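Report on one structure; see the data block that follows.
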Ligand code: MOS
C-alpha cells in the first residue's frame with residue numbers, strides 16, 4: 001500500500017541525478033562546451049601593483065590570431081563597477097590585473113604567445129600594506145548585502161564600565177581565496193548578432209544582465225548556458241573581468257568559439273577572495289553570565305577598484321540578548337585585487353570573533369559555554385525587535401551536546417596528546433530573493449520543470465525535481481528539472497544560501513497554477529508558469545538558520561601538532577529537501593571551516609603588492625587526511641514563514657562557527673588562547 005508519506009519527495013534521500021555523468025567525466029562543464037573549431041584565449045596580467053602599461057609586444061607565434069591590449073580594446077559601457085571596465089585604459093590598479101589577452105588556434109600556441117609576450121609598464125608607488133592602525137581608514141556607506149555600516153543601541157561604553165565581568169579582545173582572520181575545483185571558464189561565441197556564453201557561474205541570468213549592460217546589448221541577444229558548475233563559493237556569484245574578456249575575444253573573431261579557462265594561479269588575483277578582518281569584540285556581563293552589552297568593531301582592507309566590505313560585525317547585532325550594543329565597520333582601500341563573496345561573507349569571520357569571545361567569557365565566569373549561550377537567548381531579534389520565524393539555537397546546542405558527548409567534558413591527556421573539546425554557535429540568514437519564475441510542462445507521462453537555476457555540485461538538479469513532485473502531487477520519478485540556461489525562466493543567483501528557497505517557491509507556485517488549470521490528469525502539452533515576488537513575511541519576522549558546532553582537538557604535547565579527530569554540527573535549517581545532498585553541503589561547509597581554522601591563509605607581499613600564495617603547495621586547503629570524523633545532523637524544523645516548502649538555506653551555515661569551535665577546543669586542550677587564524681602549531685608552543 002502506498003501512503004501519502006511514501007509518495008512525498010521532500011525529505012527523501014535521493015542520489016544526485018547527474019551523479020553518473022559526473023563520476024564518469026561526461027558532465028559537460030563550460031570549458032567542455034561542444035563547439036566547432038574553438039580558438040583559445042590566454043590572459044596577460046600586470047606585473048606591478050600600480051602604474052601604466054606602455055607597450056605589449058607579442059611575437060608571431062604560429063597560430064596566433066589576435067591580441068587584445070589595455071587602452072586599445074573595444075569600448076565598453078561603464079556599469080559603475082570598475083572591475084568590469086577591463087582593458088579600457090592603460091592604468092594598472094593591482095598586481096595580476098588583466099592588461100591584455102592573446103587568442104590563438106590552439107591552447108599551446110596561446111600559452112606560448114602569452115609566455116613570450118613582452119609587457120612594458122611604468123611603476124608608481126603602490127600601497128598594499130594593510131593595518132588596522134592606518135590613519136586613512138574610512139567608513140563605507142554600507143557593507144556587503146546592503147547592511148548598515150554601524151549600529152548602536154543603548155550605551156555600550158557605560159555597560160562595559162559598570163559590568164561585573166568584561167571581555168575586550170581583538171580577533172583576526174586571514175585572507176582566504178575561493179578555490180572551487182573547477183577554475184572559472186568561459187566558452188564564448190559571437191554568432192551573427194548574438195552572443196552565446198557557456199559559463200561556469202552561480203547564476204546565468206545575473207551574468208546575462210552584466211554582459212548585456214557592458215556590451216550594450218538587448219537581453220534576447222545574449223544566451224548564457226551553465227548546466228554543471230564545479231563549485232563557486234561566491235567567486236562565481238557575479239561575472240568577473242575574465243568573462244568580459246572572453247566575450248571581447250569572441251567579438252574580435254566572429255563565428256569562432258573562444259575558450260578562456262583561468263589557471264589556478266590566475267584565480268588568486270581575478271575572481272575575488274575574502275579579506276582579512278580585524279575584529280575588536282566587547283562583552284559586558286553580570287557575574288552570573290547575563291550579557292548587558294555586546295559589540296564588534298571591524299577593520300578590513302578593500303580594493304581601490306571596487307569596494308567590498310566584509311560585514312563581519314553583522315551577526316553580533318542579532319545573536320544574543322543584551323540591551324547595549326554597538327557594531328562598526330571601517331575599511332582601508334588598497335592597490336590590491338578586488339575582494340568578493342566567499343562562503344558566508346560576514347557571518348563566517350564575524351562568528352569566529354563572536355564565538356571565541358563567548359568562550360573567553362564563559363571561562364572568566366566559570367560557566368559552561370553552552371549554558372552561557374542559553375542564558376543569553378533573546379526572545380525577539382535584538383537588532384530589529386521582530387520575532388524570529390523560528391530560532392533553533394538552544395535546541396541545537398542541547399541536542400548537539402548530547403550527541404557529541406559534551407557533559408563531563410574535561411581536559412585530559414592520551415599518551416603524548418593533549419585532548420580538549422570546544423563549542424560555538426552558527427547562524428546564517430534565511431534569504432529568499434525577490435524574483436524567480438518557473439515553468440512546468442506535461443507530455444508523455446512526464447513533467448518537466450524549467451528554471452534557470454544553478455547546481456554548483458550541491459544537488460539542485462535533484463532537489464528541484466523533489467519540490468516540483470510534491471507541488472504537483474506526483475511521484476518524483478515522473479519529474480525532470482531543467483536548469484542552467486537563460487532560455488529558461490528567470491532565476492536568481494545561487495548566493496546567500498537562497499537558491500532552493502527562492503527557486504523552490506517559484507516551482508511551488510507553478511505547480512499550484514498547473515493543478516488549478518489542468519487538474520490531476522493533465523492533457524499532453526499542459527503548461528503553467530509560476531512567478532514569485534519577495535516574501536511578504538520578510539517584514540514581519542527575523543529569519544535565520546542556526547547551528548551548534550562541536551570539536552574535539554588533540555595537540556601533541558611536544559611538537560604542537562594539531563589534529564581534529566571529531567567535528568559534529570547540529571543544525572536547525574528548516575525542512576531538509578534531500579538528506580543526502582544536505583549532509584554533503586553541511587559537512588562540506590564544516591570541512592571548509594576546519595581548513596580555515598588550521599590551514600588557509602593567503603599572503604600578500606606588501607613590497608610588491610603580490611599575492612605570493614598562488615597554488616595548492618603554498619595555499620593549503622584541508623585534505624581528506626585532515627578531516628577525520630566530520631558529521632552533521634539537524635533537528636526537525638518546519639518554518640511556515642520562510643517559504644512554502646519550509647526550508648532554510650544550508651550552503652553557508654556549515655562553515656560558520658567551525659573555526660571558533662576548533663580554536664575553543666585547542667584552548668581547552670592546551671590553555672593557549674589563539675585569537676589570530678590560522679591556528680598553526682607554532683602558536684601553541
Ligand atoms: Mo555565497 S558566498 O553567497 O555565493
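List of remarks:
- Every residue from the stretch 289-318 that is out of contact with any helix residue (DSSP H, G or I) (no Cβ under 6 Å at 6 or more places or on another chain), assigned by TED's automatic domain parsing to the domain that holds residue 162 and farther than 30 Å from residue 93 by Cα: 317, 318
- Hey, residue 64 at negative phi, in contact with a strand residue (DSSP E or B) (Cβ under 9 Å, 6 or more places away or on another chain), in the same structural domain as residue 106 (by TED's automatic domain parsing) and touching a residue at least 24 places away in the same chain (Cβ under 8 Å) or not: yes
- Against the test of being crowded, with 19+ Cβ neighbours inside 10 Å, farther than 30 Å from residue 335 by Cβ and in contact with a strand residue (DSSP E or B) (Cβ under 7 Å, 6 or more places away or on another chain), the options 9, 30 yield a single qualifying residue, 30.
- Every listed requirement among (1) assigned to a loop (DSSP other than H, G, I, E, B); (2) within 16 Å of the ligand (Cβ to nearest atom); (3) within 19 Å of residue 661 (Cβ to Cβ) is met by residue 410 save one, (2).
- Per-region count, the stretch 211-236, residues touching a residue at least 60 places away in the same chain (Cβ under 8 Å), buried (at least 24 other Cβ atoms within 10 Å of the Cβ) and within 23 Å of residue 45 (Cβ to Cβ): 5
- Residue count, the stretch 437-470 (criterion: free of Cβ contacts under 8 Å to residues at least 60 places away in the same chain and part of a loop (DSSP other than H, G, I, E, B)): 3
- Residue count for the stretch 168-201, restricted to those that are away from the ligand (no atom under 16 Å from the Cβ), in a loop (DSSP other than H, G, I, E, B) and either touching a strand residue (DSSP E or B) at 6+ places or on another chain (Cβ under 7 Å) or within 26 Å of residue 595 (Cα to Cα) (or both): 2
- Hits in the stretch 202-242 (condition: more than 16 Å from the ligand (Cβ to nearest atom) and part of a helix (DSSP H, G or I)): 208, 209, 211, 212, 213, 214, 215, 219, 220, 221, 241, 242
- Just one of the listed residues (165, 224) is touching a strand residue (DSSP E or B) at 6+ places or on another chain (Cβ under 7 Å) and within 30 Å of residue 299 (Cβ to Cβ), namely 165.
Rundown of residues vs (1) surrounded by 19 or more Cβ atoms within 10 Å (Cβ to Cβ); (2) in a helix (DSSP H, G or I); (3) touching a helix residue (DSSP H, G or I) at 6+ places or on another chain (Cβ under 6 Å), yes/no style:
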| site | (1), (2), (3) |
| --- | --- |
| 589 | yes, yes, yes |
| 623 | no, no, no |
| 630 | yes, no, yes |
| 654 | yes, yes, yes |
| 665 | yes, yes, no |
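- Residue under evaluation residue 279, criteria (1) closer than 20 Å to residue 180 by Cα; (2) more than 16 Å from the ligand (Cβ to nearest atom); (3) surrounded by 24 or more Cβ atoms within 10 Å (Cβ to Cβ), criterion not met: (1)
- Test for residue 589: is it within 16 Å of the ligand (Cβ to nearest atom) and more than 14 Å from residue 10 (Cβ to Cβ): yes
- Residue in the stretch 243-276 that is farthest from residue 109 (Cα to Cα), counting only those that are away from the ligand (no atom under 16 Å from the Cβ) and part of a loop (DSSP other than H, G, I, E, B): 276
- Of the strands (runs of 3 or more DSSP E) lying entirely inside the stretch 471-577, those containing at least 3 residues that are surrounded by fewer than 20 Cβ atoms within 10 Å (Cβ to Cβ) are 526-532, 562-572.
- Boolean, residue 443 is outside the structural domain of residue 651 (by TED's automatic domain parsing), more than 28 Å from the chain's Cα centre (by Cα), on the phi < 0 side of the Ramachandran plot and surrounded by fewer than 22 Cβ atoms within 10 Å (Cβ to Cβ): yes
- Criterion (within 16 Å of the ligand (Cβ to nearest atom), out of contact with any strand residue (DSSP E or B) (no Cβ under 7 Å at 6 or more places or on another chain) and modelled with pLDDT of 95 or more) met by exactly one of 494, 463: 494
- Test: residue in the stretch 511-523 that is within 17 Å of residue 648 (Cβ to Cβ), modelled with pLDDT of 95 or more and outside the structural domain of residue 637 (by TED's automatic domain parsing): no
- Residue within the stretch 146-157 that is closer than 23 Å to residue 293 by Cα, out of contact with any strand residue (DSSP E or B) (no Cβ under 6 Å at 6 or more places or on another chain) and in a helix (DSSP H, G or I) present: yes
- Beta carbons closer than 7 Å, at least 6 apart along the sequence or on distinct chains, pair a first residue in the stretch 125-149 that is without any contact (Cβ under 8 Å) to a residue 60 or more places away in the chain with a second that is surrounded by 12 or more Cβ atoms within 10 Å (Cβ to Cβ) for 141/149; 148/142.
- Checklist (1) away from the ligand (no atom under 16 Å from the Cβ); (2) outside any loop (DSSP other than H, G, I, E, B) applied to residue 349, failing item: (1)
- Odd one out for residue 595, checked against (1) under 30 Å from residue 618 (Cβ atoms); (2) touching a residue at least 40 places away in the same chain (Cβ under 8 Å): (2)
- Residues satisfying the stated conditions in the stretch 497-522, i.e. more than 16 Å from the ligand (Cβ to nearest atom) and in contact with a helix residue (DSSP H, G or I) (Cβ under 8 Å, 6 or more places away or on another chain): 504, 507, 508, 510, 511, 512, 514, 515, 522
Yes/no matrix, rows are residues, columns are (1) surrounded by fewer than 23 Cβ atoms within 10 Å (Cβ to Cβ); (2) under 22 Å from the mean Cα position of the chain (by Cα); (3) under 18 Å from residue 315 (Cβ atoms):
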site	(1), (2), (3)
327	no, no, yes
340	no, yes, no
344	no, yes, yes
350	no, yes, yes
364	yes, no, no
375	yes, no, no
394	yes, no, yes
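The values are calculated or read from the model by the stated rules, or taken from the named source; none is laboratory data. On a predicted model such as this, the values are computed, not experimentally measured, just so you know. Note that we place each Cβ from the backbone using ideal geometry, even for glycine, and neighbour counts take in every protein chain shown.
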